[in-house]
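What follows is one structure encoded as structure tokens, with my remarks underneath.
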Amino acid sequence: MTTVIVDYESGNLHSAEKAFQRMAQEQGHGPVIVTADPDVVRKADRVVLPGDGAFPACQQALFNHSGLFEAIEEVAIKQGKPFLGICIGMQMLATRGLEYTETKGFDWIAGTVDKIRPTDSTLKVPHMGWNDLVIDTPHPVFDGVKTGDHTYFVHSYHFTVDTATERLAHVDYGTEVTAIVGRDNLLGFQFHPEKSQQIGLHLIANFLNWKP
């Protein structure tokens, strides 16, 4: 089984690569490849789309790589193979993003990415640091994970889904902030699993073992 992490020059992928390689080895899965080659993406058994920075910049960077989005779409949507978006890679699954300017997303999971607006004025944005997951919708990715387990976040915008059951988990930050989205063969983590210590590694392993 080959897992591809898509490299479209949006963030440092070294720590993500190492985390996925470690768990793939521990779980007895095949290689983890970091690539921007659409032909390599098309042959993948699982695809991971990371992203750091702002929604419009990441979207533009991805589409600047000729044929790369089309290859991701072929694997994730047409072939229905497991897909994971991380941080902005998750946000781009939405119908639209409202960071700086309205930007069209993939529209794979209906919803809008908008600014976090805590009701508590002492809570600063960006939402940065550790926060406790609250599981909303049961999913195989939560095998061995429970409400109260914490993961590491760095973001100012979050994904509000149109269909409640497609929000799998949230955290409390003066408002309910989406942490995980998913439907069918698609998953998205707002937090960085590679920076989330044992829980993050456990979630990576669950993704690698997931058979939607």
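The values are calculated or read from the model by the stated rules, or taken from the named source; none is laboratory data. Computed from a predicted model, the values in this text were never measured in an experiment. Heads up, the Cβs are rebuilt from the backbone with ideal geometry, glycines too, and the neighbour counts pull from every protein chain shown. These accessible areas exclude ligands, DNA and RNA; they are computed on the full protein's heavy atoms, side chains included. Shrake-Rupley method; radii C 1.70, N 1.55, O 1.52, S 1.80 Å.
Close amide H pairs (under 5 Å, H built 1.01 Å from N) link Ile86 with Leu49, Gly51, Phe189, residues at least 5 positions away or on another chain. Considering only alpha-carbon pairs that sit under 8 angstrom and 6 or more positions apart, the relative contact order computed for the chain is 20 percent.
Under a Cβ-Cβ cut-off of 10 Å, what is the net charge of the residues other than Glu194 that fall near it, where Lys and Arg count +1 and Asp and Glu count -1?
That sum, taken over residues with Cβ under 10 Å, equals +2.
Taken about its Cα centre, the chain carries a charge dipole of roughly 180 debye when the Cβ of each Lys and Arg holds +1 and the Cβ of each Asp and Glu holds -1. Around the amide H of Ile116, modelled in the peptide plane, lie the amide H atoms of Tyr157, His158, all under 5 Å away and 5 or more residues distant in sequence or on another chain. Computed over the chain, the P(r) curve from all C-alpha pair distances, binned at 5 Å from the origin, holds 1, 8, 17, 21, 22, 17, 9, 3, 1, 0 percent per bin.
Note on Asp184 and Glu74: the model spin-label points, each 7 Å out from Cα along the C-beta direction, lie 1.8 nm apart.
Cross-link partners among lysines for Lys115, C-alpha distance below 19 Å, same-chain residues fewer than 8 apart left out? In chain and number order, the partners are Lys104, Lys124. Calculated [222 nm] ellipticity per residue, helices only, for the chain: -6500 deg cm²/dmol; basis is -39500 (n - 2.57) per DSSP H run with n ≥ 4, divided by all residues, nearest 500. Highest GNM mean-square fluctuation among Ser196, Ser121, Ser156, for the chain modelled with Cα contacts below 10 Å: Ser121. Find which of Thr2, His29, Ala16 sits farthest along the positive direction of the dipole of segment 2-52, computed with +1 on the beta-carbon of Lys and Arg, -1 on that of Asp and Glu, about the Cα centre. Selected residue: His29. For a paramagnetic label modelled on Glu9 (point 7 Å from Cα along Cα→Cβ), amide N atoms under 20 Å away belong, within segment 75-104, to 88-89. Other residues within the sphere of radius under 12 Å centred on the Cβ of Val41, judged by their own Cβ, net out at -3 (K and R +1, D and E -1). With K and R counted +1 and D and E -1, the other residues having a Cβ less than 10 Å from that of Leu168 yield a net charge of 0. Protein heavy-atom surface of the chain, 1.4 angstrom probe: 47% of the accessible area is carbon and sulfur, with nucleic acids and ligands not counted.
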